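Comments concern the structure below.
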Amino acid sequence: MAAQKKLPFWADAILLPTLNLLAAFLVSGLVIWGLGEDPLEALSLMVDGAFGFQEGVGYTFYYATNFVFTGLAVSVAYHAGLFNIGGEGQAMLGGLGLTLAVFLVGDVSPVLAVLLAIVGAAAFGGAWAFIPAYLQAKRGSHVVITTIMFNFIASALLAYLLVGPLQRPGGQMPESADFPDGVSLMHLQDLFAMMGFTYESGPLNLSALIAVLCAVGVWFMLWRTRFGYELRVVGQNQNAARYAGISVTRMTVIAMMISGGLAGMMGLNELLGEQLRLLGNFTLGYGFVGIAVAFMGRNHPVGIVLAAMLFGALYQGGAELAFEMPNIQRDYIVLIQGLVILFAGAMEHLFRDPVERVFRHFSERRAA
Amino acid sequence: MTNAFAIEARGLSKSFGDVKANDQIALKVPGGTVHGIVGENGAGKSTLLKMLFGLYRADSGDILVCGQTQHFTDPSDAMAAGIGMVHQHFMLVEPFTVLENIILGAEGSANLDAAKEAARAKLLMLEDQFGFNLPLDTPVEKLSVGVRQRAEILKALYRGAEILILDEPTAVLTPQECEQLFALVRQLKDQGKTILFVTHKLHEIMAVTDDVTVIRAGKTVAECKTADTNPEELAELMVGAKVVRKTARKQHETEIARLRLTDVHADGDHGLELKDINLEVFDGEVLGIAGVAGNGQTELLEIITGLRAVREGVIHMGGEIIANDRLVTNPIALRRMGMAHVAEDRLKTGVVESMSARDNAILGYQREKEFSSGGILKLKAIAQKAAAYFETQDVRPRNPDLPIASFSGGNQQKLVIAREIARDPQLMVIGQPTRGVDIGAVTKIHDQITELRNAGKAILVVSADLDELLSISDRIAVMCEGEIVGTMNVEDATETKLGLMMAGDKREAS
């Protein structure tokens, strides 16, 4: 039997996410209206806050960088048939690896320290994903359960280190000492200045470019390499993978480690780009939002970059909105972000069925 | 309306995309009769049944039950109209008892114990009436396939079915179990039930039906009294043009077996065990493996193709050991040694459904230099190869970019076979070569297997279809409960003999 006609590519990749987003905005608008504010004005404040001035744009892209890393992390695991919701913990460990690398060689050579920090972030993030991956591959312990438990362990581990061995000498906060001078990723506004023009892009730094490179790399790996082919086969059909001589165990472990490594690199942006020290709570839920980013981006690197920009804009525009409209507190911004995640992620298929029916209706009419 | 039919279809049509699965189907079934529906795989029988049972909605046409036009939106409507269906794949919850399965979804009360007792009384009456004798309190997983089928039939009767649809009911049964089923069908008819008996096996139609409707390529091509026709005529109606097997057999004599299993034991699924398997396949011959599904054929294929470990014994390919108690050879290595594997369950194992036909064209061969080098896929070479497979095997529609799931079973299988024979293998291991494959492709696949055999390849075929094995094999081995019950030359094999051996009778093996 021939399969039912599916949606054309553009409807799946653009129309549905747009509908989801509109629904989220509609509900958000009702909430804002209920708070006694004008939804349209709020929207214009948000858009203005996210894209209306140089620093706003800088922040939007700065946040988006985090989401690209965590979104890619979720998607690589997803293509291998694994649901990695441990991005948060892997990012924390990535931050730890980065920090250790910085303190190890920061005084010797800042450049070497930065390079080693990039490796350390990916390696620690990957290593943190290895244990759940190994348990899944060898023992069948479900990664959804183990990765989420590992988030808690990571959080506790970081908290312990930051009030213990890694705490800033004499400090009271759960944070490390400052990174040695010169050990950081350059802010893009400085780079622009060197190139002779001024653009105040706030904390946006070189890790944004690293994130884009990672997106290209993930795309190339998944659709242009034999490894990516085998990874996708494992993700789609494990029996067929065994039939084709691919080790499901090995692929599960490697895919999860790549995923963890990508999540771990989120620290590059937050720590090596901006904070210049390790903070106990620097991940701020970016690892979880990465799930929504990946699903909204249809698990394709291009989609993920676009979705990450959307979420970046929500974060930055939301912050501006909370500032401009006193009735709308910070918590309501989180609510709006939550609605976007709800409609774009959890209820992703809300409009799929009706849209498919409309398409079928029209294609039948054309055929008749 | 006088003289209404128990169930009638008028001009039923249903299309999937460009494929007309059913085109103006007409069906008239008088009450209290057994009505056969025959047609080859892919002729549109399943689509028709699904419309009659409310699983699909017709694009056009009417369904009438006892003269009343019906508009089924889902199976519960069909059941309310008195139609019951026994699916080819049983809809039973295995750990539940027969009784629990029968009342599932029709408990009638929140108190399960009370519901069960009420149901038991009613079931005992039904059993009495129709001559069932089912162990109501035994979990379904402990029952044989034939008994499970009876449970399904009883379930339909319990729900008040006056019209029973049996979809390929004999596909999973031994010939002996088939006889019991036929007896039950006759008894149901005597009690006034109407039965739609769907099959592609003609002798079953002759044995059990009163009337027969023949479907070919989505259309009703004939409707007649069974007594007025014969298998030859039905076959011609079913297939259309006469099918000719043109490839002649050649006799090959060689000394070394291409594949040899010596005293092999292995653990199977569901507590099954492969015991003491000894088999040889020589170059230039087809060894068929017969058996009722689930008697170890799947496991046999898996140990040969590197997908399952052997506990004892040795498997040789050519002169080399490919498996023993410490060794499982990776399927990629086996392919490089010249083994090709057409997997038994195409969708579960042989292809990746959501991937394009092009991506599927290299599955298992993705590491060959032809398709990747330095870890990078050679997209152009892959596309060319896929296009070549489409061309040589006449795979339609000719678009390798479509997901493999949107091709018909026959076209999928043609692509898989193209992929597997592309590297000129010495040994072909084929599971269910024509399962879910349309008749045109069946002939082509059979011819291809015979050609490969004539070219001196060793071929092992597992099939649930005895007719198929009898027509393509040189020798047939029969499996039952994980053992090889016997092996015989095809000249000495008959369906009855094989049937008895499939049921575990070793006396027939000589």
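The values are calculated or read from the model by the stated rules, or taken from the named source; none is laboratory data. Not measured: the values here are computed from a predicted model. Heads up, the Cβs are rebuilt from the backbone with ideal geometry, glycines too, and the neighbour counts pull from every protein chain shown. With ligands, DNA and RNA removed, areas are computed over all heavy atoms of the protein, side chains included. Shrake-Rupley method; radii C 1.70, N 1.55, O 1.52, S 1.80 Å.
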Specify the residue that is nearest to the other protein chains (Cβ to nearest Cβ); the eligible residues are those in the range B:390-404 that are farther than 20 Å from A:GLN236 by Cβ and assigned to a helix (DSSP H, G or I). B:PHE390
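Give, as residue ranges, the helices (runs of 4 or more DSSP H) completely inside the range B:175-245 that count at least 1 residues that are open to solvent by 40 Å² or more (accessible area, probe 1.4 Å) and among the polar types (S, T, N, Q).
On the way: elements: B:175-190, B:202-208, B:231-239.
In the range B:175-245, B:175-190 are the helices (runs of 4 or more DSSP H) which contain 1 or more residues that are open to solvent by 40 Å² or more (accessible area, probe 1.4 Å) and among the polar types (S, T, N, Q).
Which of the residues spanning the range B:258-290 are under 18 Å from B:VAL461 (Cα atoms), of a type in the set (A, V, I, L, M, F, W, C) and touching a Lys or Arg at 6+ places or on another chain (Cβ under 8 Å)?
Quick first cut of the range B:258-290, residues under 18 Å from B:VAL461 (Cα atoms) only: B:258-261, B:274, B:277-290.
Then drop every residue that is not of a type in the set (A, V, I, L, M, F, W, C), which leaves B:259, B:261, B:274, B:277, B:279, B:281-282, B:286-287, B:289-290.
Listed by number, the residues that qualify are B:LEU279, B:VAL281, B:PHE282, B:VAL286, B:LEU287.
When you go through B:VAL490, B:VAL429, B:VAL442 one by one, which is the residue that is under 16 Å from B:GLU285 (Cα atoms), open to solvent by 10 Å² or more (accessible area, probe 1.4 Å) and in the same structural domain as B:GLY268 (by TED's automatic domain parsing)? Reasoning before the result, please.
Numbers: B:VAL429 fails: open to solvent by 10 Å² or more (accessible area, probe 1.4 Å); B:VAL442 fails: under 16 Å from B:GLU285 (Cα atoms).
Exactly one residue qualifies, and that residue is B:VAL490.
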A:GLN189: passes all of (1) in a helix (DSSP H, G or I); (2) over 19 Å from A:GLY303 (Cβ atoms); (3) open to solvent by 40 Å² or more (accessible area, probe 1.4 Å); (4) free of Cβ contacts under 8 Å to residues at least 40 places away in the same chain but (4)
Based on this model, can you work out whether B:ALA387 counts as over 26 Å from the mean Cα position of the chain (by Cα) and either in a loop (DSSP other than H, G, I, E, B) or away from every other protein chain (no Cβ under 14 Å) (or both)? yes
Specify the residue that is modelled with the lowest pLDDT; the eligible residues are those in the range A:4-33 that are open to solvent by 50 Å² or more (accessible area, probe 1.4 Å) and within 14 Å of chain B (Cβ to nearest Cβ). A:GLN4
Of these, A:ASN327, A:ASN299, which one is more than 18 Å from the chain's Cα centre (by Cα) and of a type outside the set (Phe, Trp, Tyr)? A:ASN327
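So which of B:ALA58, B:ALA21 ends up being outside any loop (DSSP other than H, G, I, E, B) and either of a type outside the set (S, T, N, Q) or open to solvent by 10 Å² or more (accessible area, probe 1.4 Å) (or both)?
Going through B:ALA58, B:ALA21 in turn, the sole match is B:ALA21.
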Which numbered condition in (1) without any contact (Cβ under 8 Å) to a residue 12 or more places away in the chain; (2) more than 7 Å from chain B (Cβ to nearest Cβ); (3) open to solvent by less than 20 Å² (accessible area, probe 1.4 Å) is the only one that A:GLY245 fails? (2)
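Okay, residues lined up against (1) crowded, with 20+ Cβ neighbours inside 10 Å; (2) of a type in the set (A, V, I, L, M, F, W, C); (3) in contact (Cβ under 8 Å) with a residue 60 or more places away in the chain:
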| position | (1), (2), (3) |
| --- | --- |
| B:VAL93 | no, yes, no |
| B:VAL98 | yes, yes, no |
| B:ASN101 | yes, no, no |
| B:ALA106 | no, yes, no |
| B:LYS122 | no, no, no |
| B:PHE130 | no, yes, yes |
| B:ASN133 | no, no, no |
| B:ASP137 | no, no, no |
| B:GLN149 | yes, no, yes |
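Let's see how each residue does on (1) modelled with pLDDT of 95 or more; (2) within 29 Å of A:GLN236 (Cα to Cα); (3) part of a loop (DSSP other than H, G, I, E, B):
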{"position": "A:GLN90", "(1), (2), (3)": "yes, yes, no"}
{"position": "A:GLY95", "(1), (2), (3)": "yes, no, no"}
{"position": "A:LEU98", "(1), (2), (3)": "yes, no, no"}
{"position": "A:ILE118", "(1), (2), (3)": "yes, no, no"}
{"position": "A:PRO132", "(1), (2), (3)": "yes, yes, no"}
{"position": "A:LEU135", "(1), (2), (3)": "yes, yes, no"}
{"position": "A:ILE153", "(1), (2), (3)": "yes, no, no"}
{"position": "A:TYR160", "(1), (2), (3)": "yes, no, no"}
{"position": "A:PRO169", "(1), (2), (3)": "no, no, yes"}
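Yes/no per residue for (1) at pLDDT below 90; (2) more than 29 Å from the chain's Cα centre (by Cα):
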{"site": "B:ALA110", "(1), (2)": "yes, yes"}
{"site": "B:LYS116", "(1), (2)": "yes, yes"}
{"site": "B:ILE163", "(1), (2)": "no, no"}
{"site": "B:GLN176", "(1), (2)": "yes, no"}
{"site": "B:GLU179", "(1), (2)": "yes, no"}
{"site": "B:LYS189", "(1), (2)": "no, no"}
{"site": "B:ILE195", "(1), (2)": "no, no"}
{"site": "B:ILE205", "(1), (2)": "yes, no"}
{"site": "B:VAL212", "(1), (2)": "no, no"}
Filter the range B:345-377 down to residues that are more than 9 Å from chain A (Cβ to nearest Cβ), without any contact (Cβ under 8 Å) to a residue 40 or more places away in the chain and in contact with a Gly (Cβ under 9 Å, 6 or more places away or on another chain), then give me how many there are. 0
